[in-house]
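The values are calculated or read from the model by the stated rules, or taken from the named source; none is laboratory data. Note that this is a predicted model, so its numbers are computed, not measured. Cβ coordinates were reconstructed from backbone atoms using ideal geometry, including for glycine residues, and neighbour counts include every protein chain displayed. These accessible areas exclude ligands, DNA and RNA; they are computed on the full protein's heavy atoms, side chains included. Shrake-Rupley method; radii C 1.70, N 1.55, O 1.52, S 1.80 Å.
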Amino acid sequence: MDKEEWASVPVEKRIFFNTEADAIANGYTKEGQTQTPSTDLPDGTGKKVLFDNTHGQTAGAADWVIDGGFSDFADALRADHFTVDQLERTIPFTYGEQAVTFDKLKDYDVFIIGEANIPYKKSEQEAMLQYVQNGGSIFFIADHYNADRNKNRWDASEVMNGYRRGAWDNPAKGMTAEEAASPAMQGVQSSNWLADNFGIRFRYNALGDVDNLTDVVTSDQSFGITKDVASVAMHAGSTLAIVDSTKAKGLVYVPTNVEGWGFAVDQAVYNGGGRAEGPFAAISKVGAGKAAFIGDSSPVEDSTPKYLREENGSKKTTYDGFKGEANDATFLVQTVEWLANHETYTSFSQVQGLQLDQPTQTLAMENPATSTEPQTEPWAAPAAGYKWYDPTTYAAGSYGSSKEAPKQIEYKLVHQSTLPNQSEFKIRVELNNLDPNATVSGLKIGMYVSGGQQVAMFQNEDGTWPSSYNYSQQFSVTADIFGHASKELTVKINPTISGDASLRLKLGSDNAITESVKIGAVPVEIYDDTAPTTTVVVDGVSGENHYNQKDVNLSFQATDSPFGVGVDRTEYRINNGE
């Protein structure tokens, strides 16, 4: 109301609040407010999502690409009718290029940034902000402090916030002259970019593992994002600080007295956990656009990395977070549905019935301009010859390398669709793409349910059974002349277990392949997908140049695998059937 209307209201009927947020929290509205949106979010029909793979998303053990460690997430979005693409650099590249531009983003509804490890240039930040102001949305997926994947002193949370902890005056603090002068560091400027524009920033805390974060706001306070979401998982992550509650709102919180990450370089937990620690996942409304945030990549990843480590060429191990734990998949897909849903309100203060958050109380050391670095970075010395800013030093098989990738072993687990829990059955382990006659040792296989409980035992080589449910004994396989090797194992599952489980093959301590399986009271099926092997033996006197000058006897010896149903008959042709 205007001043004249206010003056006409009797004093005893006037209600005073300290702030507009207090009034809204008490149910009062103002001109221009919208009604509370429906909690039923539209699917991705007609919507497009773009994943960033231009800022170190594959550094270290990370493999946050749509055909690698984020493939389950990408596939789920496609199943929800989104079009999914990926922003790439043209190889070879130097990191001097402006990879993120408004023109590259403008045709997409959502831009997903999975744990960036190369800082964004000021021009790239400006492009992203222009994209949001024009109705686009960004999903920021970070991690705990000191998760520096490529040992360049920049964590994903620092990249997204816009400044390095303890390096406000110089983003290249502590770097060699070569690093500081590299194309990757040109155009990088310190700023409180995320907080200034989105009303929120990642804290530099480092929290431990919590399989089920159950403090989830109700769906009517999350625009439907948390519908059917009872919990979300975290495996070493961070929280966020709400700076402007009209722009940012928390969705998922860690428990009180949450434990810190074991390798934290400071006190790890800043406000004792709980809601005071700030949200683990949050959203933001900025003008015509939106944003979402989560403090850990673990709920998003799956166990199918595509690339080798850029530092040394070793195999990566990633885990089944997206499908394998809590309600991660539902939460993440519905977050993207909200991000892609273009709505007219420009601030959370305009949404009737929405409870605004209180700003998060932060520590003095978190002030961006005066923050301090608790421990000299990077956390470990890079491998000899590896330079995070120079892709020509990246190992073959890693993203950005121009070197020919080494041949990768292909693993496959062959079994029936639902595994029986009342009978012994067989699983076949197959390896392909080996060198002829090569032997691979140190393999073992296990089956576990959520929480890590082993639920199967595998028969030993001597025919005996182990005394407990656990990984099998280690075994070896030897390839044939075509580079194929296999091993069949007899399995017994705990008869009290049914439902979802994971089947994992390990090579030494590395995860070779993990897949989701179903367990139930079903009969054993004969799974015969391998043809019998037939050997031809020639009995006769060989003449010159191995030609037989007299009649010979041919013997056919056919054998089937233990998985097979046996050999029915053998057919042959002579001279192409003449």
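If you check 331, 322, which single one turns out to be buried (at least 17 other Cβ atoms within 10 Å of the Cβ), outside any loop (DSSP other than H, G, I, E, B) and among the aromatic types (Phe, Trp, Tyr)? Spell out the reasoning first.
Working: 322 fails: outside any loop (DSSP other than H, G, I, E, B).
Checking each option against the conditions leaves just 331.
Let me confirm something: among 258, 229, which residue is open to solvent by 10 Å² or more (accessible area, probe 1.4 Å), assigned to a loop (DSSP other than H, G, I, E, B) and closer than 21 Å to residue 330 by Cα? Show your work before the answer.
Working: 258 fails: closer than 21 Å to residue 330 by Cα.
Selected residue: 229, the only one of 258, 229 that is open to solvent by 10 Å² or more (accessible area, probe 1.4 Å), assigned to a loop (DSSP other than H, G, I, E, B) and closer than 21 Å to residue 330 by Cα.
Of all residues in region 72-100, which are under 18 Å from the mean Cα position of the chain (by Cα), open to solvent by 20 Å² or more (accessible area, probe 1.4 Å) and farther than 14 Å from residue 333 by Cβ?
Residues satisfying the conditions are 85, 86, 88.
Just give me the residues in region 402-434 being open to solvent by less than 20 Å² (accessible area, probe 1.4 Å) and part of a loop (DSSP other than H, G, I, E, B), in sequence order.
416, 421, 434
Pairs, please: C-beta under 7 Å, at least 6 apart or cross-chain, first residue in contact (Cβ under 8 Å) with a residue 40 or more places away in the chain and farther than 21 Å from residue 97 by Cα and in region 186-197, second open to solvent by 40 Å² or more (accessible area, probe 1.4 Å) and assigned to a loop (DSSP other than H, G, I, E, B)?
As it stands, the answer is 195/243, since those pairs meet every condition given.
Could you figure out which of (1) open to solvent by 40 Å² or more (accessible area, probe 1.4 Å); (2) within 19 Å of residue 160 (Cβ to Cβ) isn't true of residue 381?
(2)
Let me confirm something: among 36, 45, which residue is modelled with pLDDT of 95 or more, open to solvent by 20 Å² or more (accessible area, probe 1.4 Å) and over 30 Å from residue 311 (Cα atoms)?
Working: 36 fails: modelled with pLDDT of 95 or more.
Every option except 45 fails the conditions.
Considering only residues that are charged (D, E, K, R) and farther than 25 Å from residue 449 by Cβ, look in region 302-319 and name the one that is surrounded by the fewest Cβ atoms within 10 Å (Cβ to Cβ).
315
Counting only residues that are assigned to a helix (DSSP H, G or I) and either under 25 Å from the mean Cα position of the chain (by Cα) or hydroxyl-bearing (Ser, Thr, Tyr) (or both), how many does region 165-218 have? Working first, answer last.
From region 165-218, those assigned to a helix (DSSP H, G or I) are 177-180, 183-185, 193-198; that's our starting set.
Imposing the further condition that a residue be either under 25 Å from the mean Cα position of the chain (by Cα) or hydroxyl-bearing (Ser, Thr, Tyr) (or both) reduces the set to 184, 193-195, 198.
The qualifying residues number 5.
All but one of (1) within 23 Å of the chain's Cα centre (by Cα); (2) open to solvent by 10 Å² or more (accessible area, probe 1.4 Å) hold for residue 283, so report the exception by its number.
(2)
Give 531, 521 a once-over and let me know the one that is of a type outside the set (D, E, K, R), free of Cβ contacts under 8 Å to residues at least 12 places away in the same chain and either open to solvent by 70 Å² or more (accessible area, probe 1.4 Å) or more than 24 Å from residue 323 (Cα to Cα) (or both).
Just a single option satisfies the conditions, and that option is 531.
Suppose we filter 467, 476, 450, 472 for residues that are outside any loop (DSSP other than H, G, I, E, B) and polar (S, T, N, Q); which single one remains?
On the way: 467 fails: outside any loop (DSSP other than H, G, I, E, B); 450 fails: outside any loop (DSSP other than H, G, I, E, B); 472 fails: outside any loop (DSSP other than H, G, I, E, B).
The unique qualifying residue is 476.
Inside region 470-514, can you point out the residues that are open to solvent by 20 Å² or more (accessible area, probe 1.4 Å), over 29 Å from the mean Cα position of the chain (by Cα) and of a type outside the set (S, T, N, Q)?
480, 481, 482, 484, 487, 488, 492, 495
State the number of residues belonging to region 163-179 that are of a type in the set (Lys, Arg) and open to solvent by 10 Å² or more (accessible area, probe 1.4 Å).
So the count comes out to 1.
Can you tell me how many residues in region 495-520 are modelled with pLDDT of 95 or more, in contact with a strand residue (DSSP E or B) (Cβ under 7 Å, 6 or more places away or on another chain) and not in a strand (DSSP E or B)?
2
Any idea how many residues of region 228-273 are among the small types (Gly, Ala, Ser) and free of Cβ contacts under 8 Å to residues at least 40 places away in the same chain? Break it down stepwise before answering.
Residues of region 228-273 among the small types (Gly, Ala, Ser): 230-231, 233, 236-238, 241, 245, 248, 250, 260, 262, 264, 268, 272-273.
Still in the list and also free of Cβ contacts under 8 Å to residues at least 40 places away in the same chain: 272.
Residues in region 228-273 being among the small types (Gly, Ala, Ser) and free of Cβ contacts under 8 Å to residues at least 40 places away in the same chain: 1 in total.
Go through 423, 401, 417 for me and flag whichever is out of contact with any Pro (no Cβ under 9 Å at 6 or more places or on another chain), more than 30 Å from residue 244 (Cβ to Cβ) and polar (S, T, N, Q). Can you show your working first?
On the way: 423 fails: out of contact with any Pro (no Cβ under 9 Å at 6 or more places or on another chain); 401 fails: out of contact with any Pro (no Cβ under 9 Å at 6 or more places or on another chain).
It is 417.
Of the residues 460, 437, which is under 24 Å from residue 496 (Cβ atoms) and either free of Cβ contacts under 8 Å to residues at least 60 places away in the same chain or out of contact with any His (no Cβ under 8 Å at 6 or more places or on another chain) (or both)?
One residue alone meets the criteria, 460.
Under 8 Å between Cβ atoms, which residue pairs at least 6 apart in sequence (or on different chains) link something in region 204-227 that is more than 20 Å from residue 238 (Cα to Cα) and among the β-branched types (Val, Ile, Thr) with a partner that is at pLDDT 95 or above and not in a loop (DSSP other than H, G, I, E, B)?
Every condition considered, the pairs that remain are 225/219; 225/251; 225/283; 225/331; 225/334; 225/335; 225/337; 225/338.
For the structure I just gave you, tell me whether residue 552 is open to solvent by less than 70 Å² (accessible area, probe 1.4 Å), touching a Ser or Thr at 6+ places or on another chain (Cβ under 8 Å), of a type in the set (Val, Ile, Thr) and modelled with pLDDT of 70 or more. Break it down stepwise before answering.
Numbers: open to solvent by less than 70 Å² (accessible area, probe 1.4 Å): yes; touching a Ser or Thr at 6+ places or on another chain (Cβ under 8 Å): no; of a type in the set (Val, Ile, Thr): yes; modelled with pLDDT of 70 or more: yes.
Judged against the criteria, residue 552 is not a match.
Please indicate, with yes or no, whether at least one residue in region 360-377 is of a type in the set (S, T, N, Q), in a helix (DSSP H, G or I) and closer than 30 Å to residue 174 by Cα. Steps first, answer last, please.
Initial filter on region 360-377 (of a type in the set (S, T, N, Q)): 360-362, 367, 370-372, 375-376.
Checking the rest, the ones that are also in a helix (DSSP H, G or I) come to 370.
Filter again for closer than 30 Å to residue 174 by Cα, leaving 370.
Checked region 360-377: at least one residue is of a type in the set (S, T, N, Q), in a helix (DSSP H, G or I) and closer than 30 Å to residue 174 by Cα.
Being closer than 23 Å to residue 239 by Cα, in contact (Cβ under 8 Å) with a residue 60 or more places away in the chain, small (Gly, Ala, Ser) and open to solvent by less than 70 Å² (accessible area, probe 1.4 Å) narrows it down to one of 157, 182, so name that one. Even if it seems obvious, please write down each step before you answer.
Numbers: 182 fails: closer than 23 Å to residue 239 by Cα.
Exactly one of 157, 182 is closer than 23 Å to residue 239 by Cα, in contact (Cβ under 8 Å) with a residue 60 or more places away in the chain, small (Gly, Ala, Ser) and open to solvent by less than 70 Å² (accessible area, probe 1.4 Å), namely 157.
Under 6 Å between Cβ atoms, which residue pairs at least 6 apart in sequence (or on different chains) link something in region 322-336 that is on the phi > 0 side of the Ramachandran plot with a partner that is of a type in the set (Gly, Ala, Ser)?
What qualifies is 326/231; 326/233.
For the condition closer than 29 Å to residue 63 by Cβ and at pLDDT below 95, what is the one hit in 237, 324? Reasoning before the result, please.
Working: 237 fails: at pLDDT below 95.
One residue alone meets the criteria, 324.
Those residues that are over 14 Å from residue 235 (Cα atoms) and touching a strand residue (DSSP E or B) at 6+ places or on another chain (Cβ under 9 Å), I need them from region 317-329; list them, please. Before the answer, list the steps.
Residues of region 317-329 that are over 14 Å from residue 235 (Cα atoms), as a first pass: 317, 323, 327, 329.
Residues satisfying the conditions are 317, 323, 327.
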